[in-house]
Amino acid sequence: MTRSSFLLIAAFLIFIPRNAGAEDTGTAELPDRIMIRGGFAYVFNADTIFGINSNNGVSASVDFSQLLGGDSHDTVWRGDSYYRFNPRHSLGLSYYDVERKGDKELLQDITIDNITYSAGAQVKTDIGVKLYRLFYNYSFYHEDKTELQLSGGLYVANLNLKLNANFTCTGAPTCSTSGAPLVAGGSTTTQTVPLPSFGFQMNYNITPRLLTQLRLEWFYLEASTFQGSMTDFYAGIEYRALKHFAVGTAFDRFNIDVSYSPDTSRGWQAINNWNSVFLYGAFYF
């Protein structure tokens with residue numbers, strides 16, 4: 001090893017500890033006005049039940065996993081952000097898209113969106129849930145280690161269902177009684193469900209650089225033609241590796257149960273639950 005190489009390594013070893021010590025300051029000196037994070041989420045134990053009334057009034061609930069062989073997992077990219085107007089008030093936005101596929105031979109006739117899929121048909125299914133979350137947080141308690149927030153916001157769930165099969169018929173609850181020939185067919189249905197929410201969040205700094213976060217949001221509404229409920233539980237831990245950058249992981253449990261029953265026979269129902277593990281990087285400014 002040359003003298004210059006030795007001096008360079010020595011200077012590096014001396015600089016890093018001093019620099020790290022200078023960076024390891026209180027949370028007040030770490031930026032937190034703007035946060036943008038994104039990463040990889042693994043969705044598992046997903047369970048979806050849906051039903052869409054046909055024109056003749058026939059309705060049935062379809063279990064995506066059991067009847068249609070649907071996947072119970074997916075891997076997605078997820079993004080979250082917020083902007084703090086001041087230490088008390090912040091506004092944020094989240095988005096992710098879960099898409100699952102199914103492929104199975106039916107053991108019974110099922111009717112969805114006025115199309116009957118015959119027993120013995122090979123049905124390919126694609127179900128997607130795009131989830132948007134717009135929220136406002138009010139920090140009613142904010143000290144060095146602990147921040148407690150109340151939140152209000154709006155979840156918008158965009159539900160998209162595609163089915164294709166080789167044996168279908170129309171006009172009757174079962175193909176055996178319709179008298180129509182069996183043909184290849186399918187349908188695409190999209191429903192957009194707005195869900196206002198109320199919640200509570202706690203941020204706790206174990207150290208100036210190590211943060212834990214708990215969040216629970218909830219919604220329930222029952223009206224003449226609409227009934228819906230939603231819960232979202234989030235628990236995570238994050239390490240501020242650099243002044244403007246952090247890495248973290250979180251567990252998220254999300255549930256929705258909505259149904260729309262108008263005076264006419266046309267209506268729908270969707271029940272959707274899943275767990276996810278989120279690994280991310282976050283930038284702070």
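Only the coordinates and a few stated rules stand behind these numbers; no lab work does. Treat the numbers as computed from the prediction; the structure is a model and nothing was measured. Quick reminder, even Gly has a Cβ in these numbers, built from the backbone with ideal geometry, and neighbours come from all protein chains shown.
Observations, loosely collected:
- Cα long-axis angle, helix 3-23 against the chain (0 to 90 degrees, to the nearest 10): 70
- Normalised contact order of the stretch 34-284, rounded percent, pairs of Cα under 8 Å and 6 or more residues apart: 20
- Label point of LEU214 set 7 angstrom out along Cα-Cβ; within the stretch 111-148, amide nitrogens under 14 Å from it belong to 146-148.
- CD proxy at 222 nm, helix term only [per DSSP H run n ≥ 4: -39500 (n - 2.57); per residue of the chain; nearest 500]: -3000 deg cm²/dmol
- Each Lys or Arg adds one and each Asp or Glu subtracts one; over the other residues with Cβ under 15 Å from the Cβ of GLY102, this totals -3.
- P(r) histogram, all alpha-carbon pairs of the chain included - 10 Å bins from 0, percent: 6, 23, 25, 18, 13, 8, 4, 2, 1, 0
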